[in-house]
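The values are calculated or read from the model by the stated rules, or taken from the named source; none is laboratory data. None of these values were measured; they are calculated from a predicted model. We place every Cβ from the backbone using ideal geometry, glycine too, and count neighbours over all the protein chains shown. In case anyone asks, the SASA skips ligands and DNA or RNA and just uses the protein heavy atoms, side chains included. Shrake-Rupley method; radii C 1.70, N 1.55, O 1.52, S 1.80 Å.
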Amino acid sequence: MAHYRRVGDVPPKRHTQHRRPDGGLYYEELMGEEGFSSDSSLLYHRHPPAAITDAGAWELPDLTTVANHPLRPRHLRLHELFPGEEWKRLDPVTGRRLVLGNGDVRISYVAAGEASPLYRNALGDECVYVEAGEARVETVFGGLPVRAGHYVLLPRGTTHRWVPHGEGPLRAYCIAAHSHIGPPSRYLSRYGQFLEHAPYCERDLHGPAEPLLREGTEVPVLVKHRGSGGAVVGTRLVYAHHPFDVVGWDGCLYPYTFHISDFEPITGRVHQPPPAHQVFAGHQFVVCNFVPRKVDYHPLAIPVPYYHSNVDSDEVMFYCGGDYEARKGSGIALGSVSLHPGGHAHGPQPAAYEGSAGVEFFDELAVMVDTFRPLELGEGARACEDPAYAWSWAGRGPAAG
Ligand SMILES: [Fe+2]
């Protein structure tokens, strides 16, 4: 995120005295990536940001995974994970259920109505797609208003909390990396500006506009971080003063939102491959989105995808709007996830393949994550699988008896 931003009260020269009205000093913190050698921001706190008074274990929910074995495509009905009004007593951080994961990225899902505790992820950046509902994401950099269709990008180590509001549940699809997540480098100039061919640009990214300036003492913060042997563990730190005490900050590292409706789809006479739909990249995975668009206009075009063997990746689609053209006749509906693993070719269900000829517009909305290492199934996936999906192309499954 090389797009410079300045919010609130910062001194004219970095690393110099920045004084409060009463003459005391503010406390400067550099939050930076890659050990002082990449993007960073300077934040000015009313209180020392290191002042903790207690540390204890935070017991994380079940993060165990099992291999996709025997190998098969999967259909997961995420809405079934939160039946009835259960969402009303859950929050968007501790209520997450792990759906899929590997050593590079974990995908979880939550439906929630309560405000979350203060939280930060020390493992990597989070990219949270809001499927439904409204919330305010309060961060050490300031607040971000979010609604259905927003991606919320939270850099590693950003202290924040989710505060849902409005009528229904906040439904959030959480893509948590063990790395950083940002725009693909091919969209950017060598200095970090979005290029003309990119499907979105700086104007579509929205960062915090003003400091929050919260006061408080003995404030707990949940931290997700690395344990031994690659394990993910949690710690509850108690801060002497509220972490949202920043009077100003500037730099190129901060949380931001991007609304999926601001993604300008790239279309052609014949089928455009998924990289044309890419929105973000992380280490060993990419995020793409399929948005409502005019489709292929060659007179003999087949607008749904050709069958494809992604020999180097597992492909995860989250169906979050419209009616996904290539999955018609498969049981896929809103809130569904499909996992199409490497080692198995996939493509449209046969009726969708034939039926798409001559279609001019797809009213579909889906978020795709392609990973370059195999994904394993979390407890959330195991709890909401549609076992018939694997056989939906053939129209029949294993012979009975
Ligand atoms: Fe695919």
Note to self: Looking at the chain, I'd like the Rg to Rh ratio, where Rg is from alpha-carbon atoms and Rh is Kirkwood's inverse mean 1/r.
What the structure shows: 0.99
Margin query: What are the ³J(HN,Hα) couplings of the stretch 50-61, residue after residue, when phi is run through the Karplus curve with 6.51, -1.76, 1.60 and θ = phi - 60°? Round to Hz, x for glycine and proline.
Written below: 9, 7, 10, 10, 6, 8, x, 6, 10, 6, 7, x
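Based only on Cα atoms, what mean projected area does the convex hull of the stretch 103-170 have, in nm²? Spell out each step's value before the answer.
Values: hull surface 17.4 nm².
It is 4.4 nm².
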Notebook entry, point to check: With θ set to phi - 60° and the Karplus curve 6.51 cos²θ - 1.76 cosθ + 1.60, what are the ³J(HN,Hα) couplings of the stretch 375-380 in order, to the nearest whole Hz, using x for Gly and Pro?
Noted result: 8, 9, 8, x, 5, x
Checklist line | Check: the chain dipole with +1 on Lys, Arg Cβ and -1 on Asp, Glu Cβ, in debye | finding: 360 debye
Checklist line | Sequence-distant residues sharing a close amide H with Arg293 (under 5 Å, placed H) | finding: Phe362, Glu364
Margin query: Take His69 and Arg19, extend 7 Å from each Cα along the Cα→Cβ direction, and tell me the distance between the two endpoints in nm.
Written below: 6.7 nm
Notebook entry, point to check: Arranged from highest to lowest average of other beta-carbon atoms within 10 Å per residue, in what order do the peptides 95-103, 391-399 appear?
Noted result: 95-103, 391-399
Margin query: Would any residue of the stretch 381-401 have its amide N under 17 Å from a label point 7 Å out along Cα→Cβ of Ala351? List them or say none.
Written below: 388-397
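Can you order the peptides 132-139, 234-241 by their average number of other Cβ atoms within 10 Å per residue, highest first?
On the way: 132-139: 20.8, 234-241: 17.5.
Peptide ranking by packing, descending: 132-139, 234-241.
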Notebook entry, point to check: Using θ = phi - 60° and the Karplus form 6.51 cos²θ - 1.76 cosθ + 1.60, what ³J(HN,Hα) does each residue of the stretch 117-130 get, whole Hz, x for Gly and Pro?
Noted result: x, 5, 8, 8, 10, 8, 7, x, 6, 10, 10, 10, 9, 8
Checklist line | Separation in nanometres of the label points that stand 7 Å from Cα toward Cβ, at His344 and Asp62 | finding: 2.2 nm
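Want the number for Ala383 to Ser37: 0.36 nm per residue separation, take away the alpha-carbon distance, what's left?
Values: separation 346, 0.36 × 346 = 124.56 nm, distance 4.29 nm.
This chain segment gains 120.3 nm when fully extended.
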Checklist line | GNM flexibility winner over the chain from Pro145, Pro305, Pro11 (Cα, springs under 10 Å) | finding: Pro11
Checklist line | Where the Cα pairs of the stretch 47-110 fall when distances are cut into 10 Å bins, in % | finding: 15, 36, 27, 16, 6, 0
Item checked: the stretch 259-397: C-alpha gyration tensor shape, a/c 1.5 cut-off, then a/b vs b/c -> oblate
Next item on the list: Quickly work out the His165-to-Asp312 label distance, labels modelled 7 Å from Cα along the C-beta direction, and quote it in nm with one decimal.
Entry: 4.6 nm
Check: What is the P(r) of the stretch 23-153, as percent of Cα-Cα pairs per 5 Å bin from 0?
Finding: 2, 7, 13, 18, 17, 16, 13, 7, 4, 2, 1, 0, 0, 0
Item checked: Cα centroid of the stretch 129-169 to Cα centroid of the stretch 243-279, whole Å -> 15 Å
Notebook entry, point to check: Based on the Cα atoms of the stretch 205-252, what semi-axes does the equivalent ellipsoid have, where each is the square root of 5 times one gyration tensor eigenvalue, given in whole Å with the largest first?
Noted result: 27, 18, 8
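Only bridges whose two residues both fall in the chain count here: according to DSSP, what percent of them are antiparallel, nearest 5?
Taking every DSSP beta bridge within the chain, about 95 percent pair in antiparallel fashion.
Would you work out what percent of the accessible area of the chain, with all protein chains in place, is carbon or sulfur (probe 1.4 Å)? Show your work: numbers first, answer last.
Numbers: 9260 of 17850 Å².
Carbon with sulfur: 52 percent of the solvent-accessible area.
Counting pairs of alpha carbon atoms under 8 Å apart in space and at least six apart in sequence, what relative contact order in percent does the chain give? Show your work: numbers first, answer last.
On the way: 1033 pairs, mean separation 86.5, N = 401.
Dividing the mean separation by the residue count of the chain yields 22 percent.
Cβ under 12 Å from Phe372's Cβ, Phe372 left aside: what net charge do those residues give with Lys, Arg +1 and Asp, Glu -1? Don't skip to the end; give the middle numbers.
Values: positive: Arg373; negative: Asp104, Asp312, Asp314, Glu315, Asp370.
Charge balance near Phe372 sits at -4.
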Notebook entry, point to check: Full extension from Glu210 to Glu86: what is 0.36 nm times the residue separation minus their Cα-Cα distance, to one decimal in nm?
Noted result: 41.2 nm
Item checked: Pairs of alpha carbons in the stretch 210-329 whose separation is greater than 22 Å (percent) -> 61 percent
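Compare the peptides 194-201, 55-62 by average per-residue count of other Cβ atoms within 10 angstrom and give them in order, highest first.
Details: 194-201: 14.4, 55-62: 12.4.
Most protected by this proxy first, the peptides run 194-201, 55-62.
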Check: At a Förster distance of 30 Å, what's the computed FRET efficiency of Ala55 paired with Arg203, Cβ-Cβ distance as r, to 0.05?
Finding: 0.10
